[in-house]
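Colleague: Supplied in structure tokens, the structure appears directly below.
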């Protein structure tokens, strides 16, 4: 038979064991929750990396498109400058031709008037 002191000691040990078991169960639950949070964080991080990579590729494509557009604008400016010079040259040629025609008309009128 057990003595009351031994019963008390047995109960105390049992209580400590149950408390320890409960703490261990709580710690296990917390570790499982922490592991789940860590796994979720890893998944979110992986998704973020995929999105960032996709956005980086889009930025490179847009940058290339902008560079091509800039080159096209530069080429267009050069073509417009050439066209402007040609227009000015053509205007000078037309003015010179008109001047020649007016001089010829004046000479013709002068010769006709001089005859009479």
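Colleague: To the nearest 0.05, what FRET efficiency results for residue 111 and residue 87 with a Förster distance of 22 Å applied to their C-beta separation? Write out the running numbers ahead of the final one.
Modeller: Numbers: r = 36 Å, r/R0 = 1.64.
With a Förster radius of 22 Å, E is 0.05.
Colleague: Moving to a separate point now. To the nearest 500 deg cm²/dmol, what mean residue ellipticity at 222 nm is calculated for the chain from DSSP H runs of n ≥ 4 alone, each contributing -39,500 (n - 2.57), summed and divided by the residues? Mind showing how you got there, number by number?
Modeller: Working: 1 runs with 112 residues, N = 116.
One gets -37500 deg cm²/dmol as the mean residue ellipticity at 222 nm.
Colleague: Round to the nearest 10 and give me the degree value, 0 to 90, for the angle of helix 4-115's Cα axis relative to the longest principal axis of the chain.
Modeller: 0
Colleague: Report the far tail of the P(r) of the chain, meaning the percent of Cα-Cα pairs longer than 16 Å. Show your work: numbers first, answer last.
Modeller: Numbers: 5562 of 6670 pairs.
The share of Cα pairs beyond 16 Å in the chain comes to 83 percent.
Colleague: By how many nm would the segment from residue 94 to residue 61 grow when fully extended, if each residue of separation counts as 0.36 nm and the alpha-carbon distance is taken off?
Modeller: Working: separation 33, 0.36 × 33 = 11.88 nm, distance 4.86 nm.
Between residue 94 and residue 61, full extension yields 7.0 nm more.
Colleague: Is region 11-75 best put as rounded, prolate or oblate by its Cα gyration tensor, with a ≥ b ≥ c the root eigenvalues, rounded for a/c under 1.5, and otherwise prolate when a/b is larger than b/c, oblate when not? Please report the intermediate quantities before stating the final value.
Modeller: Numbers: a/c = 16.57, a/b = 10.66, b/c = 1.55.
Taking the square roots of the gyration eigenvalues as a ≥ b ≥ c, region 11-75 is prolate.
Computed from the coordinates by the stated procedures, all read-outs in this text should not be read as laboratory data. Bear in mind that the values here come from a model prediction, so they are computed numbers and not experimental data. Methodologically, a virtual Cβ is constructed for each residue, glycine included, from the backbone with ideal geometry; neighbour enumeration extends over all protein chains shown.
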